[in-house]
Amino acid sequence: MSTMTDPQPQGFRLGMLISDTRYRSYTFQFIALILLIVSIAYLISNLFANLAANGLDISWAFLGEPAGYDINQRPIEYTSQSTHARASMVGAINTLIVAFLACVSATVLGVIAGVLRLSNNWIVSKLMSAYVEAFRNVPVLIWILIIFLAMSNAFPQPRAFRGETPDATMLFDAVAFTNRGVYVPSFVNGAGSAIFWLVLLASIIGVFAYRRYAKNLLFKTGKLLPTGWPSLAILIVPSLLMYFVLGQPVTLEYPELKGFNFQGGVHMRLSLIALWFALAIYTGAFIAENVRAGILAISKGQTEAAAALGMRPGRIMNLVILPQALRVIIPPLISQYLNITKNSSLAIAVGYMDITGTLGGITLNQTGRAIESILLLMLFYLIISLSISAIMNVYNNSVKLKER
Amino acid sequence: MSDTHAQSVAFVRTTEIPPAPPPTMETGAIKWIRENLFSSVLNTVLTVLALYFVIRGVIAVGPWMLNGVWNTGSLRECREVLDGTNAACWSVLTERWNQLLFGFKYPPEFYWRPTVAFVLLLVAAAPVLFNALPRKMLILTAIYPFLAYWLIWGGTIITPIFAALGFVAAYFAFTNGERMYGFFLGLVAGVGAALITWFIGGIIADAMPGSMLEAVPSRDMGGFMLNMILGTVCVSLSIPLGIVLALGRQSNMPIIKGICVVFIEFVRGVPLITLLFVANVVLAYFFPPGTNLDLILRVIIMITMFSAAYIAEVIRGGLAALPKGQYEAADSLGLDYAQSMRLIILPQALKISIPGIVNVAVGLFKDTTLVSVISMFDLVGMIRGPILSSTDWTGIYWEVFIFAIVLFFVVCYGISQYSQWLERQLATDHR
């Protein structure tokens, strides 16, 4: 005789929408959805009411109209008669240029500073701490502005290079630092240059292939191939041979003072350099901390175990510490790259024509299409961010510890 | 036998030799220098190089800083006083001191108001930051936001009083409501009570326009004061918002989770400048026609959204780091969602997230300088605008920017040192 009885199955009552945990989440979500829809509808209706009151509308036609302004740094063909869409594209490419330059230099700087901060040399590690703390704790905008102002005030005018006894001289007769920008030599591609570049590319790939082969051989047979001078040889010899066989297809064009300004070579504007350096130094300080944390995260036992196996310090670093530390370092490193890309929008403070300067700056002011321009601008940055996070997810999955 | 031995040798020591001091190369400063500066060839090279650069730097910058001029009216005067010697014109700081701190439009006779507000900020923040201080000081902390608003903006005191009363009413309605009807209805009651109080306050404030402090419009705020206002307001607003977003993202209700994910990822994916552009030119379109929100208020809204998304991610990390047993333990005690979050989960998760939250706060404080891009005159805006372009000081830049660097460094470095101290205080495990 069982005295226990199952509770009477209850029918659904309205009160259970609040009191019963099984149904309560539906109530909450329903309320949240309604609130969201109502508030969005409210905002949109306000938007249209305001637009109508000001005689405006939402239209994307302005993208096809001539922009009518000049952009001083044009990686692709652009005139003031080109469309606003073209201007935005130029700006987008300029953003990517400065972001790429800053990412590369910030990584180099950050790795050097991070490793040196762990050095057992007291003065060097203190200097690196000073660098990291000084740059991490001051807004990047201040660094951009101060580098820009310092350069444009300290560098001589182009006309200082003129005359028999000029006030300023070019570095190695090749690089001119002026207050209008830095002029460096550029490559001139003659006949057959394509072959030369292809050979150079192939030898770079060859270096990686050789190193991979040496590593596989080491792991399989324990036989150690030298990697230092062979990779240097693979890199240099074929391209050098090809360079002379083809009759020096690639030459350098040096900047020359003509009239009031330098002609020829590559003209890097001070705004580009200021933005590049400031972003690199600022983000380098953050990367240094990531690198340091990554190396410290590897327990001392790993180093000692490797040393007990008889490995030399350099090889301990390369084969034991770094592969494990990279797993810790790379995710924050990639998010620093993301930060560089987003911070490059500060270009507008020094007049570098990135996408914030073209689409979000002049195009917005000239056409008055604030909503459309800012939407496109956000979309551009969103696409970049989302694709970088997608890459990061792929990487994280590939290096994830394979647990049983 | 020993006797014979005593005759065979001339001298036998009967006392112990005192221990000899270690070799000079192995003690004190010399050992330290050998180990830390010259332990290997590479280290020696690095040390010499570093010393060379440090000494070069000190020789270049030291005299320039120390010989600076502090009391001239313009750059030209300063150059005359210096008479060709290479030294700093610090007089730009003394002459433009008030502008750098308060902006160029804030009425000079009221400079004491933001100053008092700043000092009170330190007092009000102290009990939050240091647990050892008497808990009664928290009363001042609770009053502070309304007091600071009244001090800086001025105007009728009825507005801040009723704003505070609204929160008091909301608190009582919530605690009573929660006890009787549960968390959710308590929340509704609290919000309702606050809205009613504010509505009444609005009517009374309109009826009695008299004011004890003269009102200062928002567009007159500037200088470092503006950075401080934006930093403190946005950080303190975004922490609760960030907690809500993080909980929403962790929840298992798909719609709420979806809303939070989209919001967080969107905001984190765009630069702050675009959000400030939104505040500057677009946000006004989304308010009912005729409303005229201050630019500073619009900027606060956007920066708060921005930092809330970042703080939400930090707190989500803290929530994820908690062992699952904590959630299950809370459930097994019979606590409902609100109770388990408030009593078990959040105190631990927030503790883990402190370093991250401080990082976001420091980053946000630095990012407040970006408002100079949308032509607000914060510290950087003041330097770029009214000071560098004035006829008196055109051509000067190192001195003012060094001042800005020092200000930001002191604040940000102080905050990060505090967070490290707090982390050590809160480290209750792994003793």
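Here, each number is a calculation from the coordinates, and none is a lab measurement. It should be emphasised that the depicted structure is a prediction, and the values quoted were computed from it without experimental measurement. Here the Cβ is made from the backbone with ideal geometry for all residues, glycine too, and neighbour counts use every protein chain on show.
Summary table below
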| item | result |
| --- | --- |
| Residues B:Arg342, B:Arg79, B:Arg424, A:Arg136, sorted so that the one with the fewest Cβ neighbours within 10 Å comes first | B:Arg424, B:Arg342, B:Arg79, A:Arg136 |
| Region A:353-404 versus region A:299-316: alpha-carbon centroid distance in Å | 42 |
| Percent breakdown of C-alpha pair distances by 5 Å bin, ordered from the shortest bin, for region A:186-253 | 4, 18, 21, 17, 14, 10, 8, 5, 4, 1 |
| Amide H contacts of A:Val250 (H built 1.01 Å from N, under 5 Å, at least 5 apart or other chain) | A:Gly190 |
| Least to most buried among B:Ser372, A:Ser152, A:Ser45 (fewest other Cβ within 10 Å first) | A:Ser45, A:Ser152, B:Ser372 |
| Label point distance in nm, A:Ser335-A:Leu33, each placed 7 Å from Cα along Cα→Cβ | 3.2 |
| Sorted by Cβ density within 10 Å, fewest first, the residues B:Leu276, A:Leu200, B:Leu379 | A:Leu200, B:Leu276, B:Leu379 |
| Filtered chymotrypsin sites (Phe, Trp or Tyr not before Pro), region B:44-110: DSSP coil and at most 14 other beta carbons within 10 Å | B:Trp70 |
| Shielding of A:334-341 by partner chains, average beta-carbon count, 10 Å | 1 |
| Pairwise FRET efficiency - B:Glu423 versus B:Thr391, Cβ, R0 = 51 Å, nearest 0.05 | 0.50 |
| Tail weight of P(r) past 12 Å, computed on alpha-carbon pairs of region B:156-210, percent | 60 |
| Neighbouring partner chain Cβ atoms per residue of B:274-281, average, 10 Å criterion | 5 |
| Exercise: per-residue mean of other protein chain Cβ atoms within 10 Å, A:140-150 | 5 |
| Cross-link reach list, lysines versus B:Lys366, counting only Cα pairs under 22 Å and skipping chain neighbours closer than eight places | A:Lys342 |
| Descending semi-axes in whole angstrom, ellipsoid equivalent of region B:273-431, from the Cα gyration tensor | 41, 24, 9 |
| Cα point-scatterer Debye curve for chain A, base-10 log of I(q)/I(0) at q = 0.12, 0.13, 0.14 Å⁻¹ | -1.27, -1.37, -1.44 |
| Top positive-direction residue, dipole computed over chain A with Cβ charges, set A:Val90, A:Met353, A:Leu224 | A:Leu224 |
| Cα lying deepest toward the dipole's positive end in the protein assembly as shown, options A:Phe262, A:Phe208, B:Met341, charges on Cβ | A:Phe208 |
| Long-range HN-HN contacts of A:Asn179 with modeled amide H, under 5 Å | A:Gln157 |
| Segment B:Met212-B:Asn86, length gained on full extension (0.36 nm per residue, minus Cα span) | 40.3 nm |
| Additional length obtainable on full extension of the chain from B:Glu35 to B:Thr94, 0.36 nm per residue less Cα span | 16.6 nm |
| Note, ³J(HN,Hα) from phi for region B:87-102, Karplus 6.51, -1.76, 1.60, rounded to Hz, x at Gly and Pro | 8, 7, 9, 5, 4, 4, 6, 5, 6, 9, 3, 5, 5, 5, 8, 10 |
| For the protein assembly as shown, size of Cβ-based charge dipole, Lys and Arg +1, Asp and Glu -1, in debye | 2080 |
| Cα-centre dipole for region B:220-431 with unit charges at Cβ (Lys and Arg positive, Asp and Glu negative), debye to 20 | 440 |
| For region B:64-164, alpha-carbon Rg and Dmax in angstrom | 20.4, 61 |
| Over chain B, equivalent-ellipsoid semi-axes from the Cα gyration tensor in Å | 52, 39, 21 |
| Semi-axes of the equivalent ellipsoid for the protein assembly as shown, Cα gyration tensor, largest first, Å | 50, 42, 34 |
| Net dipole in debye of chain B [+1 Lys, Arg Cβ; -1 Asp, Glu Cβ; about Cα centre; nearest 20] | 520 |
| Calculated FRET value between A:Leu379 and B:Phe286, using beta carbons and R₀ = 22 Å, to 0.05 | 0.75 |
| Region A:92-196 - Kirkwood radius from inverse mean 1/r over Cα pairs (Å) | 17.7 |
